[in-house]
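The values are calculated or read from the model by the stated rules, or taken from the named source; none is laboratory data. What you see is a predicted model; the values in this text were computed from it and never measured. Every residue, glycine as well, gets a Cβ built from its backbone with ideal geometry; the counts of neighbours run over all protein chains shown. These area figures cover heavy atoms from the full protein model, side chains too; ligands, DNA and RNA do not enter into them. Shrake-Rupley method; radii C 1.70, N 1.55, O 1.52, S 1.80 Å.
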Amino acid sequence: MNNSVGSTGRLLWAGLRALLVLTVVCGVLYPLAVTGIAQVAFPGKANGSEVTDTSGRVVGSELIGQTYHLPPKDGEETPAPDLRWFQPRPSNGLGTNSVNGRYKLILSGATNRSGDNADLIKWVTDTKAAVVEDNSVDGYTVDPSDVPADAVTSSGSGLDPHISPEYAKLQVHRVAERNKLTVAQVDELVAAHTDGRVLGFIGEPRVNVLRLNIALKALVAKG
């Protein structure tokens, strides 16, 4: 009887010691080591890939999309987009631009709706019409056939910070007019902020909307 109790006690004590050691190693030392290495090796990425504006103020992350809206009016569920800025792609299957777009950080993800879903078809159709309307200005009319897929559909995460160069170029005339810039100036801005394929063959060319709008703000400030 005493031997059985003693064996059980030794096993419990061994288990408790293992728990304490593993807690210290895996719960304290390992996280501290990984955090320290990350802060030294790549602090920018370790801290969330923060993006700063020209004044050094953190304005977001290069990994998370943002919307650019006007101040909401009374009773307005979704504020209208501020068309002075380049607009991102739709989020969570909902159209940006003048329809019903917004980024819901808590509800990231795709719509999981099939291609023949009536709601999805309506969202895409309405968003395409809004893209055409918003970006057609005097002397430049957007052809519906020129609207790229990323202008009317969300990404898999619903929070993609990038748009295609085609969608960025489609917005150039509207952005130039709203900010009293020349089309050439804005075209040059888009070209300077277009990233190529990773290693030359992975992925597609893309434009980070946040970084592009920061550069646009600086250009407008210069007059």
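Using the Cα centre of the chain as origin and beta-carbon charges of +1 (Lys, Arg) and -1 (Asp, Glu), tell me which of Val152, Ile214, Thr78 is placed farthest towards the positive end of the dipole. Positive-most Cα among the choices belongs to Ile214.
Listed peptides 139-145, 166-172 appear in the order 166-172, 139-145 once ranked by packing, highest mean of other Cβ atoms within 10 Å at the front. Taking Phe86, Phe201 and ordering them by how much accessible surface each has at a 1.4 Å probe, largest first, produces Phe201, Phe86.
Under 5 Å from the amide H of Ser154 lie the amide H atoms of Gly93, each residue being 5 or more positions distant or on a separate chain, with H modelled from the backbone and absent for Pro and chain starts. Amide H contacts of Ser61 (H built 1.01 Å from N, in plane; Pro and chain starts excluded): Val51 sit under 5 Å, all sequence-distant by 5 or more or on other chains. Surface composition of the chain: carbon plus sulfur atoms hold 59% of the accessible area, using a 1.4 angstrom probe and ignoring ligands, DNA and RNA. Assuming charge only on the beta carbon of Lys and Arg (+1) and of Asp and Glu (-1), the dipole of the chain about its Cα centre is about 1040 debye to the nearest 20.
Protein-only accessible surface at a 1.4 angstrom probe places the residues Leu159, Leu11 in the order Leu11, Leu159, largest first. For Asp146 and Thr23, the difference between the fully extended length at 0.36 nm per residue and the C-alpha to C-alpha distance is 38.5 nm. Note that the chain presents 60 Å² accessible area per residue, ligands and nucleic acids not counted, probe 1.4 Å. Ignoring solvent entirely, what values of log10 I(q)/I(0) come out of the Debye formula for the chain at 0.08, 0.09, 0.10 Å⁻¹ when each Cα is a single scatterer? Here the Debye-derived log intensity ratios amount to -0.42, -0.49, -0.57. With Cα atoms defining each centre, the range 12-36 and the range 171-223 are spaced 49 Å apart in the structure. Distance between the pseudo-spin-label points of Ser114 and Arg10 (7 Å out from Cα toward the beta carbon): 6.5 nm. Residues within the reach of a label modelled at Val183 (point 7 angstrom out along Cα to beta-carbon, backbone nitrogen below 20 Å), restricted to the range 133-155, are 133-148. Ranked by solvent-accessible area (1.4 Å probe, protein heavy atoms only, all chains present), the residues Thr182, Thr127, Thr153 order from largest to smallest as Thr182, Thr153, Thr127.
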